[in-house]
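The values are calculated or read from the model by the stated rules, or taken from the named source; none is laboratory data. Nothing here was measured: the structure is a model prediction, and the numbers come from that model. Heads up, the Cβs are rebuilt from the backbone with ideal geometry, glycines too, and the neighbour counts pull from every protein chain shown. Keep in mind that these areas ignore ligands, DNA and RNA; they rest on the heavy atoms of the full protein, side chains included. Shrake-Rupley method; radii C 1.70, N 1.55, O 1.52, S 1.80 Å.
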Number of protein chains: 2
Amino acid sequence: MLPWTRSLSIVTSSSITNAGRRSQPSFQIFRDVPPLRRLRHQLLLANRTVGFVPTMGALHEGHLSLIRQAAAENTDVVVSIYVNPTQFGVNEDLSSYPRTWESDLEKLENLNNELENRPGKERTETEFKSAGRIAAVLAPTTKVMYPALPPTSELNGDGSFLTITPLARKLEGASRPVFFRGVATVCMKLFNIVTPDRVYFGQKDIQQCAVIKRMVKDFLIDTEVRIGPTVRESDGLAMSSRNVYLGTRRRAVGLVLLKALKAAEAAFMCGEYERTTMLGAAKLVTEQILTEQKALAPSQRALFEVDYISLANPGSLDEIDSVNPATGAILSGAIKMFPLEDPRPAEDCGLGSGATAVRLIDNIILKQSSV
Amino acid sequence: MLPWTRSLSIVTSSSITNAGRRSQPSFQIFRDVPPLRRLRHQLLLANRTVGFVPTMGALHEGHLSLIRQAAAENTDVVVSIYVNPTQFGVNEDLSSYPRTWESDLEKLENLNNELENRPGKERTETEFKSAGRIAAVLAPTTKVMYPALPPTSELNGDGSFLTITPLARKLEGASRPVFFRGVATVCMKLFNIVTPDRVYFGQKDIQQCAVIKRMVKDFLIDTEVRIGPTVRESDGLAMSSRNVYLGTRRRAVGLVLLKALKAAEAAFMCGEYERTTMLGAAKLVTEQILTEQKALAPSQRALFEVDYISLANPGSLDEIDSVNPATGAILSGAIKMFPLEDPRPAEDCGLGSGATAVRLIDNIILKQSSV
């Protein structure tokens, strides 16, 4: 822990129980805006830099990886934990979205220990600037985030919203019409609270990255958007807070999405730049695996539906007919894993006993350098 | 001019001709964002305060009054001059909106002279903080303000927008559906560029004040919204950049709006809190004056149409049936002055020869203290 931080007179909210075994966490926890603004102002005057990692909690290695990156590039990291209601549609999983406050705090505490003890700790004052730690966790109430009107999940509902079209209507937005409106709105609010030097988002949510980059550009927000690589489970599944609902059976079949994207990428690597060829290769994979699954008994199989497989321009997310090697492209997709049909006795069906449909997304960036 | 400001190494854009007779204006002019951000950062570190007055140019005494207020409450004032295309509807007067860059700069230069020479100039360092001056004029290009997509005037057009509903649909918004979307969007951008301690808006645009207050609250913007009183011509007409299009004849008749609002206010002052009574008094005025005008020859009269006369809650702008003395109310209205029918020889018909319809708005706040 840094003596400098200890000397700050910010009061940690007592309404939140801390999970760590330490009586005092190594970061401050804020439920409201003014005390965090005071901390931010002090950091600014002390010429320190703030990296901001917005999350909805249910922290996994993907989040921690972003926080590590933020800590490497800033002196202080702010992590927000807020399940934002306006990005969930009326029929989506807001109520069942995992909320794991205690274990989230423990993970952050452990990460701060790791950052504290990393090699090269005997750094000079100059080096220190790029070897930061988590200084604050922002966990606001919904009344703080939506002070005037209650948050709506209706597309035509009233409120103060930020819309980024046509980006927000494409891909994920086609299935989730309020999603990016909610994401952009809550991020603008959070950015206004934290005023970070840099903000961190994971490549796994590639369209979110594009929307946030556009928002920062169009609204002239004084921050830098940094994208961290997708962190994967050992089997390759992209980490997601929703993976806990899959269970072993659906999880294995859920890899179909990455396999399909990789087939398209492989075609590209072999010099096939045409959409029909690349997405044709992906479709072969999804169709074959779905056929295999359908042939199995209900107690053995996991059925799914492909929502989309896309080959798009990296900036506009417009679908493209062929990849321009000068600009690269984004291969992305979404599938819906249906509820398990016939759970076996003692089967690991995941949180919710396999009864919940789970949407999975993934993507591969085809960079110029791949060409 | 303050020596402190002189020492700043910000380069004034050479692409703008300065109107003042001085070779060097007393404020800096910015066409782009990064140099203004550097100035802002220096002001922050020097513990100075910034008041921001956004304008669309065509400056009149109403704007200057706001700048004086900003200078009284901050050490430094930033004035923006930008005719924002997204707040004009497709059939509105974007192309004919007055653009008076040279005389605007001259007015600002004269105002800085006035601020420089005001009584009590021999102020102490402490007093100085509340006796500021114009430090910068921001006159961005549309490519700076709308960097990704060209600005749209279509309600369904694509872009990055901020919407504040239901506030933005009421009153002015009913006639001008894109107006407050455009205003909120451009103000968010400008606030992000300037990061002012306080922002200044005129009461004349009362709904704009309500929308901006709501935006600052809902998006947790770290600034204070200050409302300056409506500045009026000697005859009582609320100052507006559009008044130059009226000419003498329409201008005289245009006072009908204020007369109607005052009739409603007078009823209120006499203890009549009911909507029907108050707005009935206003309607008597508009109907009588319209009848009088209709009886005149086309070369003598000025016809108009009442768009609305409203009695509303000050925060939500919801129409109310009676005034609650504890919350007060807003009396507001809009009329459309039709083009002059039969201009007389040598008649002062205003800019555009009386051929343009002119929309006028005005309002009176019924405060709790009025009760």
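Between this copy and the others, label points of residue B:148 are 2.3 nm apart in ascending order, each placed 7 angstrom from Cα in the Cβ direction. Please identify, among B:257, B:108, B:284, the residue showing maximal mean-square fluctuation in a Gaussian network model of chain B using a 10 angstrom Cα cutoff. Ranking B:257, B:108, B:284 by mean-square fluctuation puts B:284 first. Taking only Cα atoms and a 10 Å spring cutoff, compute GNM fluctuations for chain A and point out the largest among A:327, A:49, A:286. Highest fluctuation among the options: A:327.
Phi angles of the stretch B:52-68 translate, via the Karplus equation with coefficients 6.51, -1.76, 1.60 and θ = phi - 60°, into HN-Hα couplings of 10, 10, x, 9, 9, x, 6, 5, 9, 4, x, 5, 4, 4, 5, 5, 4 Hz per residue; Gly and Pro are given as x. Our estimate of slack between residue B:305 and residue B:155, defined as 0.36 nm per intervening residue step minus the Cα-Cα distance, is 51.5 nm. Counting only aspartates and glutamates at least 8 places from residue B:259 when in the same chain, those with an alpha carbon closer than 20 Å to its own are B:172, B:205, B:233, B:235, B:272, B:274, B:287, B:292, B:305, B:307, B:362.
Carbon and sulfur atoms: what percent of the 1.4 Å accessible area of the protein assembly as shown do they account for?
Numbers: 16590 of 31570 Å².
Heavy-atom surface of the protein assembly as shown belonging to carbon and sulfur, 1.4 Å probe: 53 percent.
Any idea how far the Cα center of the stretch B:293-371 sits from the one of the stretch A:306-354, in Å? Between the Cα centre of the stretch B:293-371 and that of the stretch A:306-354, the gap is 56 Å. Taken one residue at a time, the phi angles of the stretch A:81-91 give Karplus couplings (6.51, -1.76, 1.60, θ = phi - 60°) of 10, 7, 7, 7, x, 6, 9, 9, x, 4, 9 Hz. Gly and Pro are set to x. Residues of the stretch A:185-207 that bury at least 50 Å² of accessible area when the other protein chains are present, relative to the chain alone (probe 1.4 Å, heavy atoms, ligands and nucleic acids excluded): A:192.
For the stretch B:280-309, list residues with backbone N below 15 Å from a point placed 7 Å from the Cα of residue B:347 toward its Cβ? Of the residues in the stretch B:280-309, B:293-304 have backbone N under 15 Å from the label point off residue B:347. Rolled with a 1.4 Å probe across the full set of protein chains, the surface gives residue A:38 an accessible area near 140 Å².
Grouping the Cα pair distances of the stretch B:32-83 into 10 Å bins from zero gives a pair-distance distribution of 24, 48, 26, 2 percent in increasing distance order.
Only alpha carbons enter this Debye calculation for chain B, each as an equal point scatterer, and the log10 of I(q)/I(0) it gives at q = 0.08, 0.12, 0.14 Å⁻¹ is -0.44, -0.98, -1.27. The mean number of Cβ atoms from other chains found within 10 Å of a Cβ in peptide B:153-166 is 5, as a whole number. Summarising the amide proton neighbourhood of residue B:52: residues at separation of 5 or more, or on other chains, whose placed amide H is nearer than 5 Å comprise B:78, B:198, B:199, B:200. Accessible surface calculations at 1.4 Å, restricted to protein heavy atoms, place the protein assembly as shown at 43 Å² per residue. Amide H contacts for residue A:307 (H built 1.01 Å from N in the peptide plane; partners 5 or more residues away or on another chain; cut-off under 5 Å): A:334, A:335, A:336.
Here the gap between residue B:288 and residue B:101, fully extended at 0.36 nm per residue and compared with their Cα-Cα distance, gives a gain of 63.3 nm.
Which number comes out as Rg/Rh for the protein assembly as shown once both Rg and the Kirkwood Rh are worked out on C-alpha atoms? Ratio of gyration radius to Kirkwood radius: 1.02. A point 7 Å from Cα along Cα→Cβ stands in for residue B:318, and the other copies hold the same point at 4.5 nm, listed in rising order.
Its Kirkwood hydrodynamic radius, worked out from the mean inverse distance over all distinct Cα pairs, puts the stretch A:167-245 at 13.7 Å.
The mean number of Cβ atoms from other chains found within 10 Å of a Cβ in peptide B:213-219 is 5, as a whole number. Accessible surface ranking for B:41, B:63, 1.4 angstrom probe, highest first: B:41, B:63.
Extension gain for residue B:116-residue B:90 works out to 5.1 nm (0.36 nm per residue, less the C-alpha to C-alpha distance). Counting only protein heavy atoms and rolling a 1.4 Å probe, how much accessible area do A and B lose on contact, total for both sides, in Å² to 100? The summed interface area works out to 2800 Å². Of all chain A residues, the one whose Cβ lies closest to the rotation axis that maps A onto B, given with that distance rounded to whole Å, is A:162, 3. Sorted largest first by accessible area at a 1.4 angstrom probe radius, with every protein chain in place, the residues A:239, B:269 fall in the order B:269, A:239. Taking all protein chains as shown and a probe of 1.4 angstrom, residue B:205 keeps an accessible surface of around 50 Å². Comparing A:91, A:110, A:324 in a Gaussian network model of chain A, where Cα atoms under 10 Å apart are tied by springs, the biggest mean-square fluctuation is seen for A:91.
Computed across the stretch A:241-370, the Kirkwood hydrodynamic radius from all distinct Cα-Cα pairs reaches 15.5 Å. Separation of the alpha carbons by more than 20 angstrom is noted, of A:213/B:213; B:262/B:283; B:213/B:336, for A:213/B:213; B:213/B:336.
For residue B:313 and residue A:32, a Förster radius of 22 Å and the Cβ-Cβ distance give a FRET efficiency of 0.20, rounded to the nearest 0.05.
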